[in-house]
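Dropping the structure in here first, questions after.
The values are calculated or read from the model by the stated rules, or taken from the named source; none is laboratory data. Note that the structure is a prediction, hence the values are computed from the model and not measured. Note that we place each Cβ from the backbone using ideal geometry, even for glycine, and neighbour counts take in every protein chain shown. Heavy atoms of the whole protein, side chains included, go into the accessibility calculation; ligands, DNA and RNA do not. Shrake-Rupley method; radii C 1.70, N 1.55, O 1.52, S 1.80 Å.
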Amino acid sequence: MKTRFIFFVILFVSATSFAQRIAILGAMTEEVELLQSQLKQAKTKEVLGFKFKTGKLNGKKVVLAETGIGKVNASIVTTLIIKHFSPKIVIFTGVAGAVNPDLNQGDILIGKRLSYHDYGRLTNDSLKFYPTRNPHTKQLNPQFFLSDSILIAVANEAAKGIELKKITSDSPQPRVSVGTIVTGDTFVASSVAVAGFSRNYQADATEMEGAVVAQICFQQNLPFLIIRSISDKANEAAPADFQTFKKVAADNSAILVKAIIKNLE
Ligand code: ADE
């Protein structure tokens, strides 16, 4: 009981220290539109053609931006938002393809570990994965970037008080879990690739931006959190499923992000 009390005190004190401007990123319009529609005192600033919306969400100062799809776009906008808005934390919200068969459309995965699945040496036989390297320190980065543990704890707490959208009226209530995400410049529609991600990375989901945000924040010493909701299973049905379920999945991720922000008092 005492340990639990101390845990909540530490969580509260740590969460309080994040009460500065929060950057929220999503790759596609569907991934940012729910949060954008609820932004109070919204103002838009344009940098290099990218639109950054500042304002208040649940009473907290935020800056919100749509990165565009893929690693390069995510890299540009993450760098710009850090440089021009000096956020104290960065949160990514969006959809992903499930690798873990226990994950279903609408479920949320809090990304604890983030890695690229397309970085390394490509030979005739295989892709041998390498960690990236920080060009300033010349140090190898970790193979897996870790989301901030306090933010994960805040997300888990916030998840208890939210109502997520069901995929259909008779489908089960979506669930929230914590796991590993692999990022690459490919929309994955291959059960063979899914098996490889599971074997090589113990991945739970795949998407196209998360590890980029993680790497930039790691190199800049900024706490980050990657939230994804499942739109498809990255298999042969993924292109059709993605179209059908991306909106409800994007909204579920945004619903959790909004609750996280509320809890960052
Ligand atoms: N985002 C959502 N579904 C995806 C998939 N199957 N591959 C890559 N990114 C995704």
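Restricting to region 153-174, give me the number of residues that are closer than 17 Å to K247 by Cα and in contact (Cβ under 8 Å) with a residue 60 or more places away in the chain.
The qualifying residues number 7.
Something else now. Quick check, is S253 among the polar types (S, T, N, Q), within 12 Å of the ligand (Cβ to nearest atom) and more than 13 Å from L114 (Cα to Cα)?
Details: among the polar types (S, T, N, Q): yes; within 12 Å of the ligand (Cβ to nearest atom): yes; more than 13 Å from L114 (Cα to Cα): yes.
Yes: the conditions hold for S253.
Does at least one position in region 53-61 carry a residue that is at pLDDT 95 or above and either within 23 Å of F218 (Cα to Cα) or among the aromatic types (F, W, Y) (or both)?
Within region 53-61, one or more residues are at pLDDT 95 or above and either within 23 Å of F218 (Cα to Cα) or among the aromatic types (F, W, Y) (or both).
I need the full set of residues from region 224-265 which are open to solvent by less than 40 Å² (accessible area, probe 1.4 Å) and of a type in the set (S, T, Y), in order please.
Residues satisfying the conditions are S229, S231, S253.
Then there's this: Would you mind telling me which numbered condition in (1) of a type outside the set (K, R); (2) in a helix (DSSP H, G or I); (3) farther than 23 Å from N141 by Cβ; (4) away from the ligand (no atom under 11 Å from the Cβ) V194 fails?
Every condition holds for V194 apart from (4).
Something else: What single numbered condition from (1) within 14 Å of the ligand (Cβ to nearest atom); (2) assigned to a helix (DSSP H, G or I); (3) of a type in the set (S, T, N, Q) fails to hold for T206?
(2)
Looking at region 233-249, is at least one residue under 17 Å from Q173 (Cα atoms) and of a type in the set (D, E)?
No, there is no match, as no residue in region 233-249 is under 17 Å from Q173 (Cα atoms) and of a type in the set (D, E).
May I ask you to list pairs of residues, at least six apart or on different chains, whose Cβ atoms are under 7 Å apart, with the first in region 35-55 being without any contact (Cβ under 8 Å) to a residue 12 or more places away in the chain and the second being of a type in the set (D, E, K, R)?
Hits for this filter: T44/K51; T44/K53.
Closer than 21 Å to E236 by Cβ, surrounded by 15 or more Cβ atoms within 10 Å (Cβ to Cβ) and of a type outside the set (A, V, I, L, M, F, W, C), is that true of S198?
When the stated conditions are applied, S198 passes them.
Quick check on S171: is it open to solvent by 20 Å² or more (accessible area, probe 1.4 Å) and assigned to a strand (DSSP E or B)?
no
Let me ask something else. Take the conditions within 16 Å of the ligand (Cβ to nearest atom) and either free of Cβ contacts under 8 Å to residues at least 40 places away in the same chain or not aromatic (F, W, Y) (or both) and apply them to L109. Does it pass?
Criteria met by L109.
Also, I was wondering about something else. Go through region 39-156 and tell me which strands (runs of 3 or more DSSP E), entirely inside it, have 3 or more residues that are open to solvent by 80 Å² or more (accessible area, probe 1.4 Å).
Numbers: elements: 40-47, 50-57, 60-66, 89-98, 108-116, 120-122, 127-129.
Ranges flagged: 40-47.
So N200 clears everything in (1) in contact with an Asp or Glu (Cβ under 9 Å, 6 or more places away or on another chain); (2) more than 18 Å from I110 (Cα to Cα) except one condition, right? Which one?
Here N200 clears every test but (1).
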